[in-house]
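Heads up, the thing below is written out as structure tokens.
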Amino acid sequence: DHVAYKAKERGQKEEELQQIRETLGIYRELQLAFGKKGVQALLIESAIPEIEDEANRLLSRMTDGRMHIRFETQREAKSTDTTIETLDIRISDEIGTRDYELYSGGEAFRINFAIRVAISKVLARRAGARLQTLVLDEGFGTQDVQGRERLVEAINAIQNDFEKIIVITHIDELKDAFPVQIDVWKTGDG
């Protein structure tokens, strides 16, 4: 009787174990789905081309089509035959593809500007919202005269995407590029 009881108990425990294994399998699938190679990776992979296209449209305007950005989200591992999840930004111009650090301050500013505005536009579009305000605090000092002109053109080209664009600058020649100005100066009182 005891052996029969234990056999029945073992059968129940095996059923419980099978249910636990099934639940564990579900949790492992959820762990993968919500891990960095799951839904997160899918969202990034779907947004990257949109951000890249938007950034390249703006960068092309500012550089007469000379510069181009490409985002790489995977690369080969050096020591194994696997791929590594990454986010590398490849920037090309008429010289070729170079590391970001090798571009001048003015070029880097234009690259940053294009990427930031692109990310803002894509996020707003996905949220169904309108971009309200863009604030550019300095950055023009790194530009040569032609770079400043192109940057002003780019700002004017995207002005309909924003309710307000606020440009903060100490460069007098840029002040006339914008229709409304607020002059701020420091006095002895503050």
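The values are calculated or read from the model by the stated rules, or taken from the named source; none is laboratory data. No experiment lies behind these values; they were computed from the predicted model shown. Counting neighbours? That spans all protein chains shown, and the Cβs are built from the backbone with ideal geometry, glycine included. Just the protein is used for accessible areas: all its heavy atoms, side chains included, with ligands, DNA and RNA removed. Shrake-Rupley method; radii C 1.70, N 1.55, O 1.52, S 1.80 Å.
Could you name the lysines in cross-link range of LYS37, using Cα to Cα under 30 Å and dropping any fewer than eight places away on the same chain?
Within reach: LYS78, LYS121.
If you take P(r) over Cα pairs in 5 Å bins from 0, in percent from the coordinates, which of (1) 1, 7, 12, 15, 12, 8, 6, 5, 4, 3, 3, 3, 3, 3, 3, 3, 2, 2, 2, 1, 1, 0, 0; (2) 1, 6, 12, 15, 18, 17, 13, 10, 5, 2, 0, 0; (3) 1, 6, 11, 13, 12, 11, 9, 7, 5, 5, 4, 3, 3, 2, 2, 2, 1, 1, 1, 0, 0 do you get?
(3)
Report for the chain the percent antiparallel among DSSP-assigned beta bridges with both residues inside it, nearest 5. Display every interim value, and only then the final one.
Details: 11 of 17 bridges.
Antiparallel: roughly 65 percent of the beta bridges in the chain.
Given contacts defined as C-alpha pairs under 8 Å and at least six residues apart, what's the relative contact order of the chain, whole-number percent?
Details: 160 pairs, mean separation 30.3, N = 190.
Once divided by the residue count of the chain, the mean separation gives 16 percent.
May I ask you to list the GluC sites (Glu not before Pro) in segment 17-108 that are in a DSSP loop and have at most 10 other Cβ atoms within 10 Å of their Cβ? Numbers along the way, then the final one.
Working: sites: GLU22, GLU29, GLU45, GLU50, GLU52, GLU54, GLU72, GLU76, GLU85, GLU94, GLU101, GLU107; in loops: GLU94.
The qualifying sites are GLU94.
Just to verify a number: FRET efficiency for ILE171 and GLU76, C-beta to C-beta distance, R0 = 45 Å, to 0.05?
On the way: r = 45 Å, r/R0 = 1.00.
So, using R0 = 45 Å, E works out to roughly 0.50.
Roughly to the nearest percent, how much of the accessible area of segment 22-142 is carbon and sulfur, given a 1.4 Å probe? Provide the component values of the computation, followed by the final result.
Details: 4260 of 7710 Å².
Percent of accessible area from carbon and sulfur atoms in segment 22-142: 55.
Under a Cβ-Cβ cut-off of 9 Å, what is the net charge of the residues other than THR133 that fall near it, where Lys and Arg count +1 and Asp and Glu count -1? Please list the in-between numbers first.
Values: positive: LYS164; negative: GLU163.
Every neighbour counted, the sum reads 0.
Which net charge results when you count Lys and Arg as +1 and Asp and Glu as -1 among the other residues whose beta-carbon is under 11 Å from that of PHE71? Walk me through the numbers before you get to the answer.
Values: positive: ARG70, ARG90; negative: GLU45, GLU50, GLU52, ASP53, GLU72, ASP88.
Local charge sum for PHE71: -4.
Quick one: if the Förster radius is 25 Å, what FRET efficiency do SER104 and GLU45 give, using the C-beta to C-beta distance and rounding to 0.05?
Details: r = 32 Å, r/R0 = 1.26.
Efficiency computed from Cβ-Cβ geometry: 0.20.
Could you give the size of the charge dipole of the chain about its Cα centre, using +1 on the Cβ of each K and R and -1 on the Cβ of each D and E, expressed in debye and rounded to the nearest 20? All intermediate terms of the calculation are to be shown ahead of the outcome.
Working: 27 positive and 35 negative charges, 127 e Å.
Computed about the Cα centre, the dipole is about 600 debye.
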